[in-house]
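Since every read-out is calculated from the coordinates, none of them should be taken as a lab result. Note that the structure is predicted; figures quoted are calculated from it, not measured. Heads up, the Cβs are rebuilt from the backbone with ideal geometry, glycines too, and the neighbour counts pull from every protein chain shown.
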Amino acid sequence: MTINTAGRNIPDSIPGYGDVKHFEGHDKRIPEGNRYGKKNRASFNNKTDKTLPDIKAAISASGLKSGMTVSFHHHLRNGDFVVNAVMDACAEMGIRDLVLFPTALFGVHKHLTKHIKSGVIRQIQGSVNGPIGQLASEGGMEVPVVLRSHGGRPRAVTSGNIVIDVAFIAAPTSDRYGNLSGAVGKSACGSLGYAHSDAEYAECVVAITDNLAPFPASNIHIPQYFVDYVVTVESIGDPAGIVSGTTRVTRDPMRLLIARNAARLIESSQYFKDGISFQTGAGGISLAVAAYVRDAMRERGIKGSFGLGGITEFFVDMMKEGLFERLMDVQSFDLAAVKSIGENPNHIEISADWYANPWNAGCAVNMLDTVVLGATEVDRNFNANVNTEADGALLHGIGGHQDTAAGAQLTIITTPLLRGRIPCAVDSVYTVTTPGEVVDAVVTEFGVAINPRRQDLIDAAKEAGNIPLVTMDELIEKAEGLTGKMSPVETEERIIGVVEYRDGTVIDVVRQLKKK
Amino acid sequence: MKLRRTKLYLPGNNPNMLLRGHLFGPDGVILDLEDAVAMSEKDAARILVRDVLTRGDFGDCEVTVRINAMDTDLWRTDIETVVPCGIDGIRIPKVENPKDVALMGEALSEIESKAGIPVGKTLIFCLLETALGIWRSYEIATASKRVAAICPGGEDLRADLKTTRSENSEELIGPRRIVVLAAHAAGVDALDTVYADITNDAGLRRETEWVKQLGFQGKSVIHPNQIPIIHDVFTPTAKEIEQAKRIVEAAAEAAAKGLGAVQVDGRMVDRPVVKRAEFTLQRAGLKSGGEK
Amino acid sequence: MQTAQAGTLESMDCIVTVSESEKGRGITVSMEGASVARFGEAIVSSTKDTLKKMGVLDISVSVQDNGAGDLVLRARVEAAATRLLGGDAR
């Protein structure tokens, strides 16, 4: 056992995971060796059509066998049909013990629980949620889940830490020679950013589309020279679950209050000036922060440089208005973003490698001024937990949390102080996802706590005079005063989840819940 | 003078609002035992409000409780429960008889002395929700030294006036003018009724500008999102602040020299104008508010 | 058997249902809701404490929690028990 610099006591080796590289600080691990490369291959003009009749034919052609690693992207979100369909086909073909390596899973993938129980899927390297998370938390998987951030995952791929045997890439449009686009087609999802590294590094790449376009396709996101096979299916997903419609800024007063506090903090900072870059999520508080910041930009005549991350209509409109020069889009959340990425040259698709991989010559998050994130809980050292819920169940992925927090000059976590009776500011988080050393402020309805190492922000906020500053100790005390003392989570010794930091070190582990 | 730009109603049986309402930054909160609580829940709300008053936190807010009307058999238990918790005031609905206000004053004194609270500490805010109440505003405002403000009603008053709501509330122009006049004659605050259309931000702003111009000091609030808009209207402009600063400084200078009247910008400035300027600075957050 | 209830299932509230118990049976508490995993012990001890202060020794309590803090739980327990004792049962 070793206590890492996030204060967690972690075994030096974990069954089903192997030897542990311990977390030593956000910028401490130096990579060695070269980038990974897939086997060379040659193609000639005797084969100008990569299409195969169905998924099973593609699985056979790809050489997929029991025990191998298969990858998927999550751009079709909760509308995705592809992961379930491929796993059903594998089960029918008698393939077992697969390592599932998705960029994320959604509620629709609860269908996979039967394949986990029957042994088709042996391990998940990626986020788990809902019923799969509950199953894993209760000890229903033989091998621990490994969680990586949106930057940690391409790092694992490009460094050869994880070798993908077959990447199945859901493609809203493909031509017969494997040029893929997310921007067009009945199942359009916009950016295909999370699929890029998989296309580039997987030993075999299978595109699955429901829109076979004449060669060459338009708006090509992933080019033909990465793609080995193309399969056409009836439908790759349900558009209603792929993109949301217009998201309106919340009128919930509590969320608006938290958002207003966060926006004032941004406006008080040295970063609120021409050229500001900005990332928020699509959640209620995040979007409201963006709305307040937009209003302040208009009022003070400030023009931003770029908006990053998951892109929403809100950011698209800000760019149209001239409040951003560019949008760098790893994931398009709504119809307006999908349309924009297909039409506007200033709306740029970026890969997850470009977005957040710490092991390249510079990823997008490094240029970020400010990011607004959420968390299920934060603690006295500003550590944030986004993976586990109050009952100790592993229910959420890391997303870009670690990456944007590490990259941005000003990292703000917004959260209500209480969710029901559950306090969100605690003495010590149950799981450390993102270390406090890269978190600058925690914004709640009860006040704003700035990390004491950022005296510059504290001074600026005081100067502004309209920010209710508190200390983290005060927030924790306030929360405990309202909720009373929590009993600890009861767990077994067995580790069911490994939380990697973006550099591949282990920052925390999640243990199996004790049976009630 | 105490700032009373916004008084946020917190439904008395709603833990979420009772515990977090003050976070929205109103000048005051009104824990409501009257209209916001169903008849069958009066007992449970009273216990909850008592506990929140005892153990909760309201920041810098002026804390008042709207009790049930004096023509019910609930009001005595209401004040016996909440006054010993040490609140700033009670809000009495449907006041139309100055004698009731005097009676309330006596009842409060009795409870205060039993509970060891300074007699007279608990202020009275009178809601005038009938034509008769509006007509007697001045008598009501002067019926007890405890009266801190009088407030015209909204829907109840419209009903009593045998009229309905119009877009610009023309039907309430007369009552509002009477209440302002009576309040200032009696030396108490005039606080306006709520703006019911909670999603109409522009309408709220228009109405607030109008009542501010009439002479009201603030409004009751039924939704937290209304607070920033009302505060914005009541916040003095940069020009008003500058002028107020010059007046206050000139007055201080004159007082130091032992002079009575002073001149600012070529105009004579007397005592009420200085007080008005001090109030402007207080509204701008540049001068802390003392007790009334 | 007489029962009484207080509270709601709004956010940060709970419904407390109390019913008469035979003398000597003591206070029994059952509960459900999202906070039970981490606040089960706290819910039981605050419920018992509130009832003992009211002089209630034998009663059966059921708490359906939707995020009530200690203050709210105690107020709901008191209201429910007062209704039961006062014959205001439903």
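For segment B:63-110, what mean projected area does the convex hull of the alpha carbons give, in nm²?
Details: hull surface 12.3 nm².
Over all viewing directions, segment B:63-110 projects a mean Cα-hull area of 3.1 nm².
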* Structure fact -> Filtered pair list for segment A:253-488 (Lys only, Cα < 28 Å, 8 or more apart or interchain) has a length of 8
* Asked: Alpha carbon centre of segment A:289-326 versus segment A:422-470: separation in Å?
  -> 24
* Residue order, fewest to most beta carbons within 10 Å, for A:Ser159, C:Ser35, A:Ser332 -> A:Ser159, C:Ser35, A:Ser332
* Asked: Relative to the Cα centre, what is the charge dipole magnitude of segment B:57-120, using +1 at the beta carbon of each Lys and Arg, -1 at the beta carbon of each Asp and Glu, and rounding to the nearest 20 debye?
  -> 120
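Please compute the net charge surrounding B:Gly105, taking Lys and Arg as +1 and Asp and Glu as -1 over other residues with Cβ under 11 Å from its Cβ. Mind showing how you got there, number by number?
Working: positive: B:Lys99, B:Lys145, B:Arg146; negative: B:Asp100, B:Glu106, B:Glu110, B:Glu112.
Net charge in that neighbourhood comes out at -1.
Checking a compactness column here: for segment B:217-276, what do you get for Rg(Cα) / (2.2 N^0.38 Å), N being the number of residues?
In units of the 2.2 N^0.38 Å rule of thumb, it is 1.54.
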* Net +/- balance of residues flanking A:Lys117 in space, Cβ distance below 13 Å, scoring K and R +1, D and E -1 -> +2
* Over segment C:3-84, consider all pairs of different Cα atoms and compute the Kirkwood hydrodynamic radius from their mean reciprocal separation; express it in Å, one decimal. => 12.2
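What's the Cα-based Rg to Rh of chain A, Rh via Kirkwood? It would help to have the intermediate numbers written out before the result.
Details: Rg = 22.5 Å, Rh = 23.4 Å.
Using Cα coordinates only, the ratio equals 0.96.
Please compute one quarter of the surface area of the Cα convex hull for segment B:1-80 and express it in square nanometres. Kindly include the intermediate steps, with their values, before the conclusion.
Working: hull surface 22.0 nm².
Its average projected convex-hull area is 5.5 nm².
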* Amide hydrogen neighbours beyond the local backbone of A:Gly400, cut-off 5 Å, H modeled -> A:His150
* Structure fact -> With N residues in segment B:93-228, Rg(alpha-carbon) / (2.2 N^0.38 Å) equals 1.10
* Fewest to most neighbouring Cβ within 10 Å: what's the order for B:Thr193, A:Thr491? -> A:Thr491, B:Thr193
* **Computed log₁₀ I(q)/I(0) - Debye formula, equal Cα scatterers, no solvent, chain B, q 0.07, 0.10 Å⁻¹** => -0.27, -0.56
* Structure fact -> The ³J(HN,Hα) series, computed from each phi in segment B:8-18 with the Karplus coefficients 6.51, -1.76 and 1.60 at θ = phi - 60°, rounded to the nearest Hz and given as x for glycine or proline, is 8, 6, 10, x, x, 10, 10, x, 4, 6, 4
* Structure fact -> With a ≥ b ≥ c from the Cα gyration tensor eigenvalues, square-rooted, and the rule rounded for a/c under 1.5, otherwise prolate when a/b > b/c and oblate otherwise, segment B:183-262 is prolate
* Considering only the other residues whose Cβ falls under 14 Å of the Cβ of A:Leu105, what net charge follows from Lys and Arg at +1 and Asp and Glu at -1? -> +3
* Any idea what Rg and Dmax come out to for segment A:75-179 if you just take the C-alpha atoms, in Å? -> 14.0, 45
* To do: Kindly provide the Kirkwood hydrodynamic radius of the protein assembly as shown in Å, to one decimal, from all pairs of distinct alpha carbon atoms.
  => 30.9
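Over segment A:253-488, what number does the Rg to Rh ratio reach, with both radii from the alpha-carbon atoms and Rh per Kirkwood? Before the final figure, lay out the partial values.
On the way: Rg = 17.3 Å, Rh = 17.9 Å.
Computed over Cα atoms, the ratio is 0.96.
Where does each of B:87-98, B:233-244 land if you order them by average Cβ count within 10 Å, highest first? All intermediate terms of the calculation are to be shown ahead of the outcome.
Numbers: B:87-98: 22.4, B:233-244: 15.3.
Going from most to least packed, we get B:87-98, B:233-244.
Taking the alpha carbon gyration tensor of segment C:29-72, what are the square roots of 5 times its eigenvalues, largest first, to the nearest whole Å? Please list the in-between numbers first.
Numbers: eigenvalues 70, 23, 14 Å².
Over the Cα atoms of segment C:29-72, the ellipsoid semi-axes are 19, 11, 8 Å.
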* chain C - percent relative contact order, Cα under 8 Å, separation 6 or more -> 46
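Can you give me the convex hull volume of the Cα atoms of segment A:144-221, divided per residue and expressed in Å³? Display every interim value, and only then the final one.
On the way: hull volume 7.7 nm³, N = 78.
Output value, Cα hull per residue: 99 Å³.
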* Once the dipole of the protein assembly as shown is set up with Lys and Arg at +1 and Asp and Glu at -1 on Cβ about the Cα centre, which of A:Phe272, A:Ala384, A:Asn211 lies farthest towards its positive end? -> A:Phe272
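What relative contact order, as a whole-number percentage, does chain A give when Cα pairs under 8 Å and 6 or more residues apart are counted? Display every interim value, and only then the final one.
Details: 1274 pairs, mean separation 84.8, N = 516.
After rounding, I find 16 percent.
Using alpha-carbon pairs under 8 Å, 6+ residues apart, how would you state the relative contact order of segment A:457-512 in percent?
Numbers: 35 pairs, mean separation 12.7, N = 56.
Value for segment A:457-512: 23 percent.
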